[in-house]
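The values are calculated or read from the model by the stated rules, or taken from the named source; none is laboratory data. Treat the numbers as computed from the prediction; the structure is a model and nothing was measured. Please note: Cβ atoms are built from the backbone with ideal geometry, for glycine as well, and neighbour counts cover all protein chains shown. What goes into the accessible areas is simple: the full protein's heavy atoms, side chains included, and nothing from ligands, DNA or RNA. Shrake-Rupley method; radii C 1.70, N 1.55, O 1.52, S 1.80 Å.
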Amino acid sequence: MNRTLAGVAWVALYLLVVLVPMFLMLLPPLPSGRTFWLEFAVALGFVGLIQLAVQFVLIARFRPLTAPYGIDVILQYHRQIALVAVAVILVHPVIIIVDNPSRLELLNPFGGTIASRFGILAILALSTLVLTSVFRERLGFRYEAWRFTHLALGLITVAFAQAHVSLAGLYTNAPWKQAVWVVSAVMMLCLVVYLRVIRPWRQRRSPWQVSRVESLPGATVALTLEPQGHAGMRFAPGQFAWIKLANSPFTLEEHPFSFSSSAEDTGRLEFGIKGLGDFSARVGSIPAGTTAFIDGPHGAFSIDRYQAPGYVFIAGGVGITPIMSFLRTMADREDPRPVLLIYADTSLEEMSYREELVPLEKRLSLAIVDLPEKPPPDWEGEHGLVDADLLGRVLPEERFARDVFVCGPPPMMDAVQAALLARDVPRERIHLERFVLA
Ligand SMILES: Cc1cc2nc3c(=O)[nH]c(=O)nc-3n(C[C@H](O)[C@H](O)[C@H](O)COP(=O)(O)OP(=O)(O)OC[C@H]3O[C@@H](n4cnc5c(N)ncnc54)[C@H](O)[C@@H]3O)c2cc1C
């Protein structure tokens, strides 16, 4: 209920922020002799511009904003709102021209007005930003390069759009109206400075050092970090952090990884990293002693948020890492609640944490179902994929009361969620962590 209220409050605040500047621009002094459709189109332009500005707030990783939902949900919102903003902004010139087709000349980059040229540039930058984001993987854009381009195009779009508004001058025909836009532009710049300069600057005071790099089965590496000259970090089991393995916290390369260690052990962080790309494949050869910086903790995928009488954990592949943190934390807390773990992977050999689970079975009320997709010939246990049939066989009777946490590759997550619902597990008891932010 609290989360619903918080959600309603955030949506109300969003609407307020997006609509108030438009109403301010509609206060006198106003240009005269304009049609309803022209006014409407201009209002849409203002709304779209403020929506773009709010995007910078959403990516700034402000904990009060991200904590109730998790940063993945906020980034999802960032993507969806971006599409609404783009639609609103593109409709703005269309209505202006339909209202009076002679205004088509405004789209001529060599004709029109200086204001209209800035408007065209803003739309071009925005379209490039959207297309490179939606088709990033198909375009073969490296993640880091994309992220840098994305931020740069965002700033360029907003700068051109601000210039368009100021130069058009019709609704910014009083110094206080100009000030509204100048202040909003400065605030956006401050947010970028906060994210890219002030946060890393603060991280300088809390460096970490790689203390151990251990190879695990399944092309996975257990990376252990220890604090250098500070007390470490408190996190909730299941959360994640952005890791920078570099001498400077100002490096642009940072990757999100779930903590796999116990949340009770704040003086040592462990991550399980599967070598799937250029950065993650390099982690195994990183020497002990390498400096690291951490931005975290982030995320809302945690047993600490749901005090159920017991849990079901479903892991696919490297999705086991936040679940290792759940189990290790519960063991350290001597938590007696029953847990069922379904651990799925392509084969038994690929299961990175099978060995590590053995001692935990003794310390916890833990039942484990190993689920190799391709089992060895003598395997008598369950095998295949997590589906409704398997869940029907292994879920405990009291599954309606238990909270279920699922983490694995994206196609598995959708299938498991559908299977859990088919087995009457209440939707609000299912919690998913997707290892995808972009
Ligand atoms: C919340 C969360 C928790 C995660 N926890 C783990 C974990 O515990 N263990 C694990 O092995 N993996 C985890 N991942 C996935 C891990 O972040 C990516 O596999 C890793 O960043 C890939 O980088 P790369 O350069 O090796 O691969 P690339 O081939 O460069 O990237 C593969 C894909 O990973 C994503 N990615 C790459 N870089 C970043 C980045 N800097 N930020 C966000 N996404 C990126 C992009 O979608 C990209 O297309 C997690 C991801 C998220 C979002």
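By how many degrees, 0 to 90 and rounded to 10, does the Cα axis of helix 320-332 deviate from the longest principal axis of the chain? Its long axis makes an angle of about 60 degrees. The range 17-92 and the range 211-248 have Cα centres separated by 38 Å.
Accessible surface for the chain, divided over its residues, is 48 Å² per residue with a 1.4 Å probe. Which of rounded, prolate, oblate describes the range 343-438, given a ≥ b ≥ c as roots of the alpha-carbon gyration tensor eigenvalues and a/c under 1.5 marking rounded, otherwise prolate only if a/b is larger than b/c? Taking the square roots of the gyration eigenvalues as a ≥ b ≥ c, the range 343-438 is rounded. Placing +1 on the Cβ of every Lys and Arg and -1 on the Cβ of every Asp and Glu, with no other charges, gives the chain a dipole of roughly 1880 debye about its Cα centre. Using heavy atoms of the protein chains and a probe of 1.4 Å, the accessible area assigned to Val180 is about 40 Å².
Counting only aspartates and glutamates at least 8 places from Lys274 when in the same chain, those with an alpha carbon closer than 18 Å to its own are Glu214, Glu253, Glu254, Asp345, Glu349, Glu350, Glu355, Glu356, Glu433. Structure remark: mean-square fluctuation, Gaussian network model of the chain, C-alpha springs under 10 Å; the largest value among Asp424, Asp378, Asp332 belongs to Asp378. Counting DSSP beta bridges with both partners in the chain, what percentage is antiparallel, nearest 5? Antiparallel bridges make up about 55 percent of those DSSP assigns within the chain.
GNM on the chain, alpha-carbon springs under 10 angstrom: the most fluctuating residue among Asp265, Asp72, Asp345 is Asp265. Taking every protein chain into account, the 1.4 Å probe leaves Phe148 with about 130 Å² of accessible area, to the nearest ten. Backbone amide hydrogens, once placed in the peptide plane, bring Val369 within less than 5 Å of Leu341, Ile342, Tyr343, excluding anything fewer than 5 places away on its chain. Here's the thing: no lysines lie within a cross-link span of Lys374, going by alpha-carbon distance under 16 Å and ignoring same-chain residues fewer than 8 apart. Between Ala367 and Glu39, the simple spin-label model (points 7 angstrom out along Cα→Cβ) gives 6.8 nm.
The calculated 222 nm mean residue ellipticity attributable to helices in the chain amounts to -15000 deg cm²/dmol, summing -39500 (n - 2.57) over DSSP H runs of n ≥ 4 and dividing by all residues.
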